[in-house]
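Visitor: To start, I am sharing the structure in question, which I have written as structure tokens.
The values are calculated or read from the model by the stated rules, or taken from the named source; none is laboratory data. Just so it is clear, the structure is predicted and the values come from calculations on it, not from any experiment. All Cβ positions, glycine included, derive from the backbone under ideal geometry; neighbour counts span all protein chains shown. When the accessible area is computed, the model is the full protein with side chains, heavy atoms only, and any ligands, DNA or RNA have been set aside. Shrake-Rupley method; radii C 1.70, N 1.55, O 1.52, S 1.80 Å.
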Amino acid sequence: MMRIGIFGGTFDPPHAGHKKYADEMKSKLSLDKLIVIPTATPPHKTRDSFSSAEDRLRMLNLLFADDAGVEISDMEIIRGGKSYTYETVTLLRGDYPDDELIFFIGSDMLFTFHQWVNPDVILDCVKICAVSRKDDIGEEKLEDYIEEYFPKDKERFITCDFDPIELSSTQIRKAICNGESVEGLIDEKVLKYIKEKELYL
Ligand code: ATP
């Protein structure tokens, strides 16, 4: 049996917060494999300041180029339309019937989890691993949420001690657009790609 992590997101662009999350959980949870799944371009995010599915796939491939066991999947991009997590994890459950699947989310996403489409289907297919994105959100706040909304499914959630990098893709897009430095906030190869393709200007 393999233990497989699944990391979904827009990744526009992928940044140091995403990388830290992926790296730490890979070792803490002893993952055999991590599947990173960028969403299809959402219809409301078609403005010029957002990058294409192809660019996001390229940036993720650059970011994880040296990481054995990381697979970048285009399954949501190929499916197109709005990327519903319950559909994605149902497909993955079919591909990996006997393996342990753990879906990674940040605290911002956890706190909306009860409003996602079909959270019960998601919890049937995968465990949810949640970490803090902000210094003032500790593990207890994550556990309080789970206790309040999913008391019967507590064992389907994993919360880990995590020292967050307070950073978002929105912040990076804004900084690049304003000509501010994003050094240290984003991988060098990814930054080079962004500059070459003149993204987020
Ligand atoms: P945007 O600013 O465009 O909304 P984002 O920075 O929130 O983007 P996403 O691609 O939406 O990034 O995030 C993908 C997943 O990674 C989500 O589950 C999100 O909670 C998590 N995540 C994003 N940034 C961090 C961070 N700094 N630390 C931990 N988890 C993060």
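Visitor: Considering only protein heavy atoms, what per residue accessible area in square angstrom results for the range 3-165 with a 1.4 angstrom probe?
Guide: 48 Å²
Visitor: Separation between the Asp163 and Asn61 pseudo-spin-labels, each 7 Å from Cα along Cα→Cβ, expressed in nm?
Guide: 3.4 nm
Visitor: Kirkwood hydrodynamic radius for the chain: how many Å is it when counted over pairs of different Cα atoms?
Guide: Hydrodynamic radius (Kirkwood, Cα pairs) of the chain is 17.5 Å.
Visitor: Could you work out the helix-only [θ] at 222 nm for the chain, with each DSSP H run of four or more residues adding -39,500 (n - 2.57) and the total divided by the number of residues, to the nearest 500 deg cm²/dmol?
Guide: Per the formula, -11000 deg cm²/dmol.
Visitor: What nm distance separates the two modelled labels at Thr90 and Glu139, each placed 7 Å from Cα along Cα→Cβ?
Guide: 3.4 nm
Visitor: Whole-Hz ³J(HN,Hα) for each residue in the range 100-105, computed from phi via Karplus 6.51 cos²θ - 1.76 cosθ + 1.60 with θ = phi - 60°, x for glycine and proline: what do you get?
Guide: Whole-Hz 3J(HN,Hα) from phi for the range 100-105: 8, 10, 10, 9, 8, 9.
Visitor: Report, by chain and number, residues whose modeled amide H sits under 5 Å from the one on Cys129, excluding near sequence neighbours (fewer than 5 apart, same chain).
Guide: Phe103, Phe104, Ile105, Ile158
Visitor: Which one, Ile72, Ile172, Ile137, has the greatest fluctuation when you compute a Gaussian network model over the chain with C-alpha springs under 10 angstrom?
Guide: Result: Ile137 has the largest fluctuation of those listed.
Visitor: Can I ask one more? Taking the chain as a Gaussian network, Cα atoms linked when under 10 Å apart, which of Ala22, Ala53, Ala68 shows the biggest mean-square fluctuation?
Guide: Sorting by GNM fluctuation, first place goes to Ala68.
Visitor: Same structure again: If I build a Gaussian network model for the chain, linking alpha-carbon pairs within less than 10 angstrom, which residue out of Lys28, Lys154, Lys141 has the largest mean-square fluctuation?
Guide: Judging by the Gaussian network model, the answer is Lys28.
Visitor: Here is a follow-up. If ligands, DNA and RNA are left out, what is the accessible area of Ser181 with a 1.4 Å probe, given in Å² to the nearest 10?
Guide: 90 Å²
Visitor: Looking at Met1, Met59, Val70, which one has the Cα that reaches farthest to the positive end of the dipole of the chain (charges on Cβ: Lys, Arg +1; Asp, Glu -1)?
Guide: Checked the options; the winner is Met59.
Visitor: Same structure again: Taking R0 as 30 Å, what FRET efficiency do you get between Glu24 and Glu180 from their Cβ-Cβ distance, rounded to the nearest 0.05?
Guide: The pair Glu24/Glu180 has a calculated efficiency of 0.65.
Visitor: Same structure again: Given a 1.4 angstrom probe, I'd like the percentage of the accessible area of the range 3-165 that is carbon and sulfur, rounded to a whole number.
Guide: Of the solvent-accessible surface of the range 3-165, carbon and sulfur hold 49 percent.
Visitor: As an exercise, use a Förster radius of 35 Å and the Cβ-Cβ distance of Glu54 and Gln115 to find the FRET efficiency, rounded to the nearest 0.05.
Guide: 0.70
Visitor: Near the amide H of Val36, under 5 Å away, which other amide H atoms are found, from residues 5 or more places off or on another chain, if H is placed in the peptide plane?
Guide: Phe7, Glu71, Ile72, Ser73
Visitor: Sort Val126, Val117 by accessible area with a 1.4 Å probe, largest first.
Guide: The most accessible residue leads, giving Val117, Val126.
Visitor: What is the dipole size for the chain, taken about its Cα centre, with +1 at each Lys and Arg Cβ and -1 at each Asp and Glu Cβ, in debye to the nearest 20?
Guide: The dipole of the chain has a size of about 620 debye.
Visitor: Please tell me the relative contact order of the chain in percent, rounded to the nearest whole number, where contacts are Cα pairs under 8 Å and at least six residues apart.
Guide: In percent, rounded to a whole number, it is 26.
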